[in-house]
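The numbers here are math on the coordinates, done by the rules we state, and not lab data. Fair warning: this is a prediction, and the values are worked out from it, not measured in the lab. All Cβ positions, glycine included, derive from the backbone under ideal geometry; neighbour counts span all protein chains shown.
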Amino acid sequence: MRVRKFFLLVLWALLCASTAAAAAEASKRVVTDVLLATVGNETISAEQLQIEAQIIARTGVWFAFEKPPAAITEQNVFEETMSRVLLYQTARKMGFGDVAATDVDDAVTAFRETFGDDNAYRAWLTKYQIADDAMPVGGAEQAEYYPLKRHFLRQMVIDQYLDKKITMQVKLGLDEYLTQNRARLQREHPQADNDELGRVAHRELFVQQLRELVADLRKHAKVVILSDRVKM
């Protein structure tokens, strides 16, 4: 009987210690996360930037920069995240947002496959506290994890908006841009035929229009910086 009581006491102590450790870890996450800015009615936190940096580093999709930065810093991830928030908010105001759930699932699946190994992917999800519904890793705590679907859903809404907002402008201005820049493009791409030069010019003009749009949105945005860790 004494042995059983001793065993129960040890078990209870271990349970309490485990619960306390979990609570401490949760508390640590709350304490260490820092609100960096508000953009309209949304907030941007340090934890969010860390997660977005990990996702964007693997996808290579940037809206705020012509080319991916040579080194990913908190500041350039902040600028990218702020640009994404502004583009998404504008897209929603313009009525965009009808994205099929299967399309989002397909994007998440394609992203998952870039890891090549389920164990590596699970470890990544756990480390950065990111939730993928098809591969749960956090138990009950996963409800507090950052939903991976959110990133790709918002990116698709932005793509819808840009396709209507910029693609038509690019088509209208492509011939003039190509005429003005043909000599430079031929120097930079000596092996390219006319079709390839047209595609290069299209990409350049699209990026130029996108950067102008982002700059304009940032100029008129209601952004409040809450930490000296980032700047406009």
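Overall dimensions of segment 102-224, expressed as equivalent-ellipsoid semi-axes from the Cα gyration tensor (√(5λ), whole Å, largest first), are 39, 20, 12. Here the label points at Arg150 and Ser45, each 7 Å from Cα along the C-beta direction, are separated by 0.9 nm in the simple model.
Between Met135 and Arg92, full extension at 0.36 nm per residue minus the direct alpha carbon distance yields a gain of 12.5 nm. Packing here is the average count of other Cβ atoms within 10 Å per residue, and on that basis the peptides 147-155, 110-118, highest first, run 147-155, 110-118. Comparing Val200, Val61, Val104 in a Gaussian network model of the chain (Cα springs below 10 Å), the most mobile by mean-square fluctuation is Val200.
Relative to the Cα centre, the charge distribution of segment 46-225, modelled as +1 at Lys and Arg Cβ and -1 at Asp and Glu Cβ, gives a dipole magnitude of about 660 debye.
The percentage of C-alpha pairs in segment 159-211 whose separation is greater than 12 Å is 62%.
Ordered from longest to shortest, the equivalent ellipsoid semi-axes for the chain are 45, 20, 16 Å, each the square root of 5 times a Cα gyration tensor eigenvalue. Simple rule: put +1 on each Lys or Arg Cβ and -1 on each Asp or Glu Cβ in the chain, find the dipole, and look at Ala192, Ala101, Ile51; the Cα lying farthest toward the positive end is Ile51.
Note that segment 69-82 has calculated 3J(HN,Hα) couplings of x, 4, 10, 7, 10, 4, 5, 6, 6, 4, 4, 5, 5, 4 Hz, one per residue in order, obtained from phi through the Karplus relation 6.51 cos²θ - 1.76 cosθ + 1.60 (θ = phi - 60°); glycine and proline are x.
Between 0 and 90 degrees, the angle of helix 2-32 with respect to the longest Cα principal axis of the chain falls at about 30 degrees. Beyond 24 Å in Cα-Cα separation lie the following of the pairs Lys67/Lys219; Lys149/Lys171; Lys164/Lys219; Lys67/Lys231; Lys171/Lys219; Lys93/Lys149: Lys149/Lys171; Lys171/Lys219.
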